[in-house]
1. Specify which of the listed residues (A:F103, A:F89) is touching a Phe, Trp or Tyr at 6+ places or on another chain (Cβ under 8 Å), surrounded by 19 or more Cβ atoms within 10 Å (Cβ to Cβ) and in a strand (DSSP E or B).
2. Look through region B:42-69, keep the residues that are polar (S, T, N, Q) and under 14 Å from B:L90 (Cβ atoms), and return whichever of them is least open to solvent (accessible area, probe 1.4 Å).
3. Hey, can you tell me all the residues within region B:81-111 that are touching a Lys or Arg at 6+ places or on another chain (Cβ under 7 Å) and of a type in the set (D, E)?
4. Within region A:30-43, does at least one residue satisfy the condition of being more than 18 Å from B:L90 (Cβ to Cβ) and open to solvent by 30 Å² or more (accessible area, probe 1.4 Å)?
5. Does any residue in region A:55-75 that is free of Cβ contacts under 8 Å to residues at least 12 places away in the same chain come within less than 6 Å, Cβ to Cβ, of a residue that is assigned to a strand (DSSP E or B) and open to solvent by 50 Å² or more (accessible area, probe 1.4 Å) six or more places away or on a different chain, and which pairs are these?
6. Do any residues in region A:98-112 that are on the phi > 0 side of the Ramachandran plot have Cβ atoms under 6 Å from those of residues that are assigned to a loop (DSSP other than H, G, I, E, B) and at pLDDT 95 or above, where the two are at least six apart or on different chains, and which pairs are they?
7. Which one is least open to solvent (accessible area, probe 1.4 Å), of the residues in region A:44-81 that are in contact with a Pro (Cβ under 8 Å, 6 or more places away or on another chain) and more than 23 Å from B:F102 (Cα to Cα)?
8. Going through B:T20, B:T5 one at a time, which residue ends up being out of contact with any Phe, Trp or Tyr (no Cβ under 7 Å at 6 or more places or on another chain), open to solvent by 70 Å² or more (accessible area, probe 1.4 Å), modelled with pLDDT of 95 or more and of a type in the set (V, I, T)?
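The values are calculated or read from the model by the stated rules, or taken from the named source; none is laboratory data. Here the structure is a predicted model, which means the values were calculated and not measured. All Cβ positions, glycine included, derive from the backbone under ideal geometry; neighbour counts span all protein chains shown. Protein only, heavy atoms only, side chains kept; ligands, DNA and RNA dropped before computing areas. Shrake-Rupley method; radii C 1.70, N 1.55, O 1.52, S 1.80 Å.
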Amino acid sequence: QQQVKQSPQSLIVQKGGISIINCAYENTAFDYFPWYQQFPGKGPALLIAIRPDVSEKKEGRFTISFNKSAKQFSLHIMDSQPGDSATYFCAPGGDFGNEKLTFGTGTRLTIIP
Amino acid sequence: ETGVTQSPTHLIKTRGQQVTLRCSSQSGHNTVSWYQQALGQGPQFIFQYYREEENGRGNFPPRFSGLQFPNYSSELNVNALELDDSALYLCASSPYPGALHFGNGTRLTVT
């Protein structure tokens, strides 16, 4: 049961460019939409998250766009830097306070000079 | 640093054996969750504990069990290990709802 589909699987972006990663979900009970960043040998770290009452949230170079009717949300990384090279996971979750997250399969992002 | 510490970092076990993985989180983190991450995949939810009681479980068999202790430490136990149990096991704790802090995991290899 693939509830969360993430695309693309891998992405190569030039330094200074915009990286865009997409996530599609099926479960309409999800009400928490985070993106996690994972470096090799490390656990995932929360990057940015959004609740369904807003359509966009920006934190520094990172922006989440949320489309409730399409059941999709995306991560935009502006001015991408080599240090952003990592694997990114969308991980929508259920009721507030329920820490069960359903992770996507991940996007390996590589930023080239 | 997330304040979540897992031990050991690596472990090799034989099929059929039992294993205990440990996690230590910060004071005040009342919720702890465990996830399994197979190579090249996203983490999968195993179960969650809140104030020492299991309050959510993913699609994992009963041979996966856990404990949470009053001192904010927890354990994941896996009995009758199978080759497919080889994975990175992640512990995550929450200081408040919606903020999961992950440890760096225990890499379990079953041979």
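1. It is A:F89.
2. If we take residues in region B:42-69 being polar (S, T, N, Q) and under 14 Å from B:L90 (Cβ atoms), then B:Q48 is least open to solvent (accessible area, probe 1.4 Å).
3. Passing the criteria: only B:E82.
4. There is at least one residue in region A:30-43 that is more than 18 Å from B:L90 (Cβ to Cβ) and open to solvent by 30 Å² or more (accessible area, probe 1.4 Å).
5. Between residues of region A:55-75 that are free of Cβ contacts under 8 Å to residues at least 12 places away in the same chain and residues that are assigned to a strand (DSSP E or B) and open to solvent by 50 Å² or more (accessible area, probe 1.4 Å), the close pairs are A:S65/A:E56.
6. A:G106/B:G42
7. Step by step, filter region A:44-81, then rank; the result is A:F66.
8. Details: B:T20 fails: open to solvent by 70 Å² or more (accessible area, probe 1.4 Å).
Testing whether each residue is out of contact with any Phe, Trp or Tyr (no Cβ under 7 Å at 6 or more places or on another chain), open to solvent by 70 Å² or more (accessible area, probe 1.4 Å), modelled with pLDDT of 95 or more and of a type in the set (V, I, T) leaves just B:T5.
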